[in-house]
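Engineer: Supplied in structure tokens, the structure appears directly below.
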Amino acid sequence: MSGESRAWISLSGLGRTLIWLALIGLVAILGQQAGFGVHTLLRLTEANGGEVSRIARRVIAYRLDRVRPTVFRFSQPVSATRILTQPILAQGSAVPGKAWSYSVRVELLDERGGIVSVHEVYSRSVLFESSGKRRGPVQYYRGSDDQVATADEVRIAADRPISAIRVVSGTVDPGVIAIDIRVGERRPLTSAAADSAFVRFNPEDRARLAAANAFPPELLTRQERSAIAVNQWRPIGPVGIDRRDYQMMVLYEEEQEDGAGGFEDDASASGEAGG
């Protein structure tokens with residue numbers, strides 16, 4: 001008995017496969033032209049719902065220049081400020097156990113622009129532990145494959161009230177291509193207003209801010225709620241025009257396995273950065 005053997009793939013099936021491959025290639029090319037990096041495209045095409053479903057929150061950060069200072073002015077004179085810095089690493093430079101050192105120069109200014117004091121702040125950041133475990137959640141900028149290391153925090157106090165600070169990037173280790181910064185001022189809350197301020201936080205922020213306590217937000221005492229509200233910091237932006245006097249960036253953070261975010265800013269994601 002004789003007969004023709006069936007082809008392992010039909011011509012119509014081969015044609016559909018080639019069309020899909022062509023479409024995928026076209027999407028990749030358009031994505032690259034639009035500024036999307038390889039890792040960003042992978043996030044956008046993941047089967048679990050894509051990039052948007054994985055974003056826990058987003059915040060605004062500002063990229064420092066090594067020559068031109070970035071000036072942040074407070075809403076009123078303060079006695080201390082909180083600064084978060086994050087080194088941005090070249091793609092593929094982060095390996096387990098490797099650390100990077102960098103510095104920023106901070107000038108505290110009075111209401112007339114006079115220098116109250118100058119601080120050279122040195123930090124050391126690690127992205128992956130020696131075991132290969134990542135420190136903190138995944139953070140990234142859209143359209144960039146650069147790696148964002150964990151944030152370092154410093155609080156600087158002044159001998160007398162200051163109205164602004166002036167910041168420039170300092171020395172950096174090889175592999176650190178930029179330093180991004182966020183500046184905060186303490187919320188001017190009285191004890192009487194602190195409890196109501198905590199209640200006005202959205203449910204996600206209340207849960208995040210109360211995470212260090214043994215009980216959930218609903219079971220905290222009035223004193224505990226007031227203490228949380230009084231000790232929050234409000235992010236402030238720099239003086240001037242974006243792209244001329246400073247460079248604004250929107251930093252995204254993916255959800256962790258436990259559903260918690262890593263940013264410590266008081267403001268919610270929607271309050272810090274728009275779409």
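Engineer: Assigned by TED's automatic domain parsing to the domain that holds A80, in contact with a Phe, Trp or Tyr (Cβ under 9 Å, 6 or more places away or on another chain) and either closer than 28 Å to Q139 by Cβ or part of a helix (DSSP H, G or I) (or both), is that true of E253? Write out each step before concluding.
Structural biologist: Details: assigned by TED's automatic domain parsing to the domain that holds A80: yes; in contact with a Phe, Trp or Tyr (Cβ under 9 Å, 6 or more places away or on another chain): yes; either closer than 28 Å to Q139 by Cβ or part of a helix (DSSP H, G or I) (or both): yes.
Against the criterion (assigned by TED's automatic domain parsing to the domain that holds A80, in contact with a Phe, Trp or Tyr (Cβ under 9 Å, 6 or more places away or on another chain) and either closer than 28 Å to Q139 by Cβ or part of a helix (DSSP H, G or I) (or both)), E253 qualifies.
Engineer: When you scan region 192-213, do you find a residue that is surrounded by fewer than 18 Cβ atoms within 10 Å (Cβ to Cβ) and within 30 Å of V95 (Cα to Cα), even just one? Walk me through how you get there before you give the answer.
Structural biologist: The first filter runs over region 192-213 and keeps only residues surrounded by fewer than 18 Cβ atoms within 10 Å (Cβ to Cβ), leaving 192-193, 196, 199-200, 202-204, 207, 211-213.
Narrowing further to those that are within 30 Å of V95 (Cα to Cα): none.
Looking for residues that are surrounded by fewer than 18 Cβ atoms within 10 Å (Cβ to Cβ) and within 30 Å of V95 (Cα to Cα), one finds none in region 192-213, hence no.
Engineer: Can you find, within region 28-69, the residue that is modelled with the highest pLDDT among those that are within 18 Å of the chain's Cα centre (by Cα) and either farther than 24 Å from Q139 by Cα or β-branched (V, I, T) (or both)?
Structural biologist: The qualifying residue modelled with the highest pLDDT is I60.
Engineer: What number of residues in region 133-172 are open to solvent by less than 40 Å² (accessible area, probe 1.4 Å), of a type in the set (D, E) and in a strand (DSSP E or B)?
Structural biologist: 1
Engineer: Which of the residues spanning region 233-249 are open to solvent by 40 Å² or more (accessible area, probe 1.4 Å), hydrophobic (A, V, I, L, M, F, W, C) and touching a residue at least 24 places away in the same chain (Cβ under 8 Å)?
Structural biologist: Across region 233-249, the qualifying residues are V239, M248.
Residues checked against (1) without any contact (Cβ under 8 Å) to a residue 60 or more places away in the chain; (2) part of a strand (DSSP E or B):
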site	(1), (2)
V95	yes, no
E107	no, yes
S117	yes, yes
E120	yes, yes
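The values are calculated or read from the model by the stated rules, or taken from the named source; none is laboratory data. Just so we're clear, the structure is a prediction, and the values are computed from it rather than from any experiment. Cβ: placed from backbone, ideal geometry, glycine included. Neighbour counts: every protein chain shown. The area values use the complete protein model at the heavy-atom level, side chains included, leaving out ligands, DNA and RNA. Shrake-Rupley method; radii C 1.70, N 1.55, O 1.52, S 1.80 Å.
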